[in-house]
1. Largest first, what is the accessible-area ranking of D81, D104 with a 1.4 Å probe?
2. Over the chain, average the accessible area per residue using a 1.4 Å probe and give it in Å², no decimals.
3. Roughly how many percent of the accessible protein surface of the chain is carbon and sulfur, given a 1.4 Å probe and a whole-percent answer?
4. Choose one of G65, I160, Y186: the residue whose Cα lies farthest towards the positive end of the charge dipole of the chain (beta-carbon charges +1 Lys, Arg; -1 Asp, Glu; about the Cα centre).
5. Return a whole-number percent for the relative contact order of the range 1-147, with Cα pairs under 8 Å and 6 or more residues apart as the contact set.
6. Rounded to the nearest 500 deg cm²/dmol, what is the calculated helix-only ellipticity per residue at 222 nm for the chain, with -39500 (n - 2.57) per DSSP H run of length n ≥ 4?
7. Determine ³J(HN,Hα), in whole Hz, for all residues of the range 148-158 in sequence, where each value follows from phi through the Karplus function 6.51 cos²θ - 1.76 cosθ + 1.60 and θ = phi - 60°; x replaces Gly and Pro.
8. Can you pull the one-decimal nm distance between simple spin-label points at V74 and L171, each 7 Å off the Cα toward Cβ?
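The values are calculated or read from the model by the stated rules, or taken from the named source; none is laboratory data. Nothing here was measured: the structure is a model prediction, and the numbers come from that model. Glycine gets a Cβ as well: all are built from the backbone with ideal geometry, and neighbour counts include every protein chain shown. These area figures cover heavy atoms from the full protein model, side chains too; ligands, DNA and RNA do not enter into them. Shrake-Rupley method; radii C 1.70, N 1.55, O 1.52, S 1.80 Å.
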Amino acid sequence: MEDAHVLQLKNRKFSDLYLCFCGYAQCLPLHSFGPAVRPNYILHYIIKGKGRFTVGNEEYRLRGGQGFLIEPEVLTFYEADKEDPWTYVWIGFSGERAGEHLRDLGLGSGHPVYQCSSGEKLEKIVQTMLENKNYTVANEYLLEGLLYQFFSVLAENIEIGEGRREKDDNLYIRKAVEYIQNHYSYPVQVGEIADYVGINRSYLCTLFKEHLHLSPKEYLTSFRITRAAQLLEITELSIESVAMSCGYQDALGFSKIFKARMGVTPSAYRKKNEERQLTF
């Protein structure tokens, strides 16, 4: 990822709806995130370019002017296009009434994709958020107001459900992904996943290659490394503890796999993330 700017908030004055983080990124070709689950709601808006967003077993091909919603603890994956990678802004938020506010917009389970003709306004709101990174009482209220302004712009211009959707209702895939999501922290073997699903290993591999373009082992590894990256970003756990939490008994082996996937060691990834974060 290049030209990325992130604001991470730690203070919590509000409860109904509050900003957790926001950012802007111009992605490199095929830059991806996931498969992973996130603890907060996240709304992405694509300024330009193209990419794909997968939630559960549904895949959406999206472009500039469109956006997508990530819900808490829901498995998702997204990837920039190889030829025309997207540039987007995002806001992460939570709160007791966050789901209700999203439903007001028509977004939620079954409706994660939208269009908005006021992209310049949304981009400007996020840029203003990023510019007001210093902690003051005034900025705390300003950021809360900007979050509601983001929702206001969407409410006025949003269109739900556009985007080419590719749906796969394969029960075996759903059950396998569910098993990985619930057991990735243990030393899971592909044979165990196949046994849980109720098919042989060879057929499971065929289904994964056909529908997810990865082998079950590759999918499991990708899920683990993405979760490890999240832990490195939001916790102070040791590298050994992160490895154990993601199903790796050997910290050295984990570090080698992490570097092969992410391009840097876990410790270097954490340091790089800390340097690029603007903590509020």
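1. Working: D81 45, D104 115 Å².
Largest to smallest exposure gives the sequence D104, D81.
2. 49
3. Ligands and nucleic acids excluded, carbon and sulfur reach 47 percent.
4. Positive-end residue among those listed: Y186.
5. It comes to 29 percent, rounded to a whole number.
6. Value at 222 nm, helices only, nearest 500: -13500 deg cm²/dmol.
7. 5, 5, 4, 5, 5, 5, 4, 4, 7, 10, 6
8. 2.4
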